[in-house]
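What follows is one structure encoded as structure tokens, with my remarks underneath.
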Amino acid sequence: MNKFAIDYRNQIFALPGIGAASAAVQEIKTELIRKSIHLLIALTPTMAAINRPVTVLLLMLGTVSYAFMEHLRLSGVHIPVISSVTAMASRSRDQGRFVLGPVTLGLGALLALLLYPSPAAAIAIYALAFGDGLASLIGKIFGSIRPAFLMGKSVEGSLACFTAVFFAAYHISADFRIAFFAAITAALVEALPLNDYDNIALPLSVGFVVQLLMIV
């Protein structure tokens with residue numbers, strides 16, 4: 001690309017409308033990559049059903065390995081594939097910082113498996129994968145109603161979270177009461193301004209509620 005073309009492109013993207021649209025598209029692309037990774041955690045219950053100890057071990061090793069490689073990345077060491085994926089999935093607030101999301105994602109699934117028996121653990125992990133994952137994605141693309149009490153989150157995203165968790169929980173438990181309270185818990189926790197720590201708070205909260213309902 002010659003200098004004239006580069007200057008012309010920069011001038012176009014410097015225009016308020018074009019620049020804002022470009023930033024919005026890039027933000028959606030980043031969110032798609034992040035949530036594609038996020039949804040992979042939904043494989044955990046199936047793996048745990050086959051071999052729970054091995055699944056726990058893999059989650060531990062994966063989380064620790066990622067944290068170590070992320071430390072290397074920040075130190076200037078390029079890790080093939082991992083560094084590139086991390087860069088593509090990084091949001092503006094993550095630039096130049098440790099990208100915490102994959103660590104809390106792994107910890108959330110790991111703690112759910114360690115603390116709750118099945119099916120509570122499975123529902124908790126599906127809430128993390130589908131509820132939190134779809135809430136953010138739907139909120140970014142379609143979210144337009146953002147009341148103050150949702151603290152920046154959208155009604156559309158919260159409804160997506162509720163719906164995804166309700167159907168996942170009902171599919172596993174066949175219990176309307178469990179599905180409803182799991183979904184409402186997930187939607188409430190997801191709406192809190194927890195940043196990446198919602199990956200831990202959401203499955204722990206949903207798992208606790210589901211296990212409690214199964215006892216009483």
| Criterion: of a type in the set (Val, Ile, Thr) and not in a helix (DSSP H, G or I) - qualifying residue of Ile145, Ile172, Ile178 | Ile145
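Per-residue answers, yes or no, for (1) open to solvent by 30 Å² or more (accessible area, probe 1.4 Å); (2) aliphatic (A, V, I, L, M); (3) on the phi > 0 side of the Ramachandran plot; (4) more than 13 Å from the chain's Cα centre (by Cα):
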position	(1), (2), (3), (4)
Phe130	yes, no, no, no
Gly133	no, no, no, no
Gly143	no, no, no, yes
Arg146	yes, no, no, yes
Leu150	no, yes, no, yes
Gly157	no, no, no, no
Ala160	no, yes, no, yes
Tyr170	yes, no, no, yes
| query | Applying the selection to segment 184-200, what residues are in a helix (DSSP H, G or I), closer than 18 Å to His38 by Cα and aliphatic (A, V, I, L, M)? | reply | Ala186, Ala187, Val189, Ile200
| request: Please work out if Leu72 is under 29 Å from Leu204 (Cα atoms), open to solvent by 10 Å² or more (accessible area, probe 1.4 Å), at pLDDT 80 or above and of a type outside the set (Ser, Thr, Tyr). | output: no
| message | Quick check on Met1: is it open to solvent by 90 Å² or more (accessible area, probe 1.4 Å), within 21 Å of the chain's Cα centre (by Cα) and at pLDDT below 80? | response | no
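The values are calculated or read from the model by the stated rules, or taken from the named source; none is laboratory data. Just so it is clear, the model here is predicted, and its values are computed rather than measured. Heavy atoms of the whole protein, side chains included, go into the accessibility calculation; ligands, DNA and RNA do not. Shrake-Rupley method; radii C 1.70, N 1.55, O 1.52, S 1.80 Å.
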